[in-house]
Amino acid sequence: MNDLNLTTLDGGLATVSAPVLDAFAASLRGQVMNAGDAGYDEARTVWNAMIDRRPGLVVRCIGASDVIAAVKFARDNKLLVSVRGGGHNIAGSAVCDGGLMIDLSQMKSVRVDRVARRAWVEPGAILADVDKETQAFGLAVPTGINSTTGISGLTLGGGFGWTTRKLGLTIDNLLSADVVTADGELVRASTAEHPDLFWAIRGGGGNFGVVTAFEFKLHKLGPQVLSGLVVHPFDEAKSVLRQYREALEDAPDELTCWTVMRQAPPLPFLPAQWHGKEVLVLAMCWCGELEAGEKATATLRGIGQPIVDVVGPNPFAGWQMAFDPLLAPGARNYWKSHDFIELEDTTIDLLDTAIRALPGPECEIFVGHVGGAAGRVATDATAFPQRNSHFVMNVHARWREASMDKACIAWARNIYEATRPQAVGTAYINFMPADEAGRVEAAYGANYSRLLEVKRKYDPDNMFRMNQNVHAKKTRKAA
């Protein structure tokens, strides 16, 4: 390997000699890559095609020892660092320009103890890996709704999906995590060990270190759940959303129903004349007994005159993959998000107007109904603060050509600004794009000051800054 000029934390360059690089590479079980090496472009390519950054060096880790070595190497050379898990983050935080990228994508082990109902998961695993292993035993950990999402980023940001109302957020089911901190030390974070760090990583993102293993509590679920889609003409959207809102007021925790508003893709069960036309979709999942689910979903399924109703028993692991075709990698993406306590009439009117002005066929808005078990956790119990919001809106602009960037981004920002008066001010950091650094403090609300304290203790030099960054001035690390 030749000498390399690598980007440092202060934005300068550090020349790392070939012998030093060779010695570093020889110390690893994994692989070291730079531009031109086989696998380099694969490693730097992430889900959002708008991200086109070129790390100076990529360390493709195989185990915790590789992560420790990579962190120490970055610390000793004061290098800019990014950490890649599943590479699904909208902001593209996994990839840095010119610095060191710690690639965890090969660390994909999932081990299940069906008696203790525990799972130990490595940080490169995606949700499909977790679901496959846990569902083999009729068990599950609550995660997100897209099976190609990485478990690491999802968990560190909070994690919500179809089973959140019944089983809580992903972080509410995290029992411990192994974390490599900025000084290269591997520590166990739990309620008993480093509890301050454990509090912070449950919602605080990748600000505090690199997680090399997660321990999750598992729950009985499946293998089948009652799930599916009810598709409505968009001309009925206002009426459907108001009835949807009312139907959820007394919904049991086992029932989750989200709305998706977009142009209809060519789904095989949807009449061809509706392909490409604006629709409103009620996507629902019942994670209790199937017979009880038929009764619990009746009100939602009885709204209006839908084009099609395809709700029925489905394998849970399959339902977790239902939206994958609409979220495949390779497209350009930009998101804007709000939390709402209520889905007000004004908000519904604004959503109706926005969908009638879609800038492209893949753009959409979804509104997720949360609360339930996740909402009964105290706001300060974890770093994740938005326990009181019942609806999460994500404006998802998605397109293919760079020439559409301006129009699609403006569409998302306009909806975000228009609905700001109805929002509560917090935000789900996993939905925040790279240009929202100024929103981080507000997103964490009253929990931000405590996050600063933990940051000062475990990462005083802000080595882990490629994220929705909790930034603290340098102080001496506590003994």
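General remarks:
- Gain on full extension, evaluated as 0.36 nm per residue between GLN243 and ASP183 minus their Cα-Cα distance, stands at 16.2 nm.
- C-alpha center-to-center spacing [the stretch 145-167, the stretch 373-423] in angstrom: 16 Å
- Placed amide H near VAL225: partners under 5 Å, 5+ positions off or other chain: ASN314, PHE316
- Accessible surface for GLU185 stands near 90 Å², nearest 10, in the context of the full protein assembly shown (1.4 Å probe).
- Length added when fully stretched, ASP22-LYS406, from 0.36 nm per residue minus Cα-Cα: 133.8 nm
- MRE, 222 nm, helices only [DSSP H, n ≥ 4, -39500 (n - 2.57), over the chain, to nearest 500]: -7000 deg cm²/dmol
- Cα-Cα pairs of the stretch 152-247 separated by more than 18 Å (percent): 57 percent
- Annotation note: chymotrypsin sites (Phe, Trp or Tyr not before Pro) in the stretch 171-276 located in DSSP loop regions with a Cβ neighbour count of at most 13 within 10 Å are PHE269.
- For the cross-link pairs LYS217/LYS457; LYS132/LYS220; LYS238/LYS277, the ones whose C-alpha atoms lie over 19 Å apart are LYS217/LYS457.
- Rounded to the nearest whole Hz, the Karplus-based 3J(HN,Hα) values (6.51 cos²θ - 1.76 cosθ + 1.60, θ = phi - 60°) of the stretch 418-428 follow the sequence 5, 9, 4, x, 8, 7, 9, x, 6, 7, 8, with x at glycine and proline.
- GLU344, GLU246, ranked by accessible area, largest first (probe 1.4 Å): GLU246, GLU344
- √(5λ) per eigenvalue of the Cα gyration tensor, the stretch 285-343, largest first, Å: 26, 19, 13
- Between the helical axis of 237-247 and the longest alpha-carbon principal axis of the chain there is an angle of about 80 degrees.
- Each pair of Cα atoms in the stretch 35-187 enters the Kirkwood radius, and Stokes-Einstein at 20 °C and 1.002 mPa s then converts it into a translational diffusion coefficient of 132 µm²/s.
- SER17 - accessible surface, heavy atoms, 1.4 Å probe, Å² rounded to 10: 40 Å²
- Difference of contour (0.36 nm per residue) and Cα-Cα distance, VAL308 to ASP380: 21.7 nm
- Considering only the Cα atoms of the chain, their convex hull presents on average a projected area of 21.9 nm².
- Ordered from largest to smallest accessible area (heavy atoms of protein chains, 1.4 Å probe), the residues HIS88, HIS471 come out as HIS471, HIS88.
The values are calculated or read from the model by the stated rules, or taken from the named source; none is laboratory data. Here the structure is a predicted model, which is why all the values come from computation and not from measurement. Neighbour counts are summed over all protein chains in view; Cβ atoms, including those assigned to glycine, are modelled from backbone coordinates with ideal geometry. Side chains included, ligands, DNA and RNA excluded: accessible areas come from the protein's heavy atoms. Shrake-Rupley method; radii C 1.70, N 1.55, O 1.52, S 1.80 Å.
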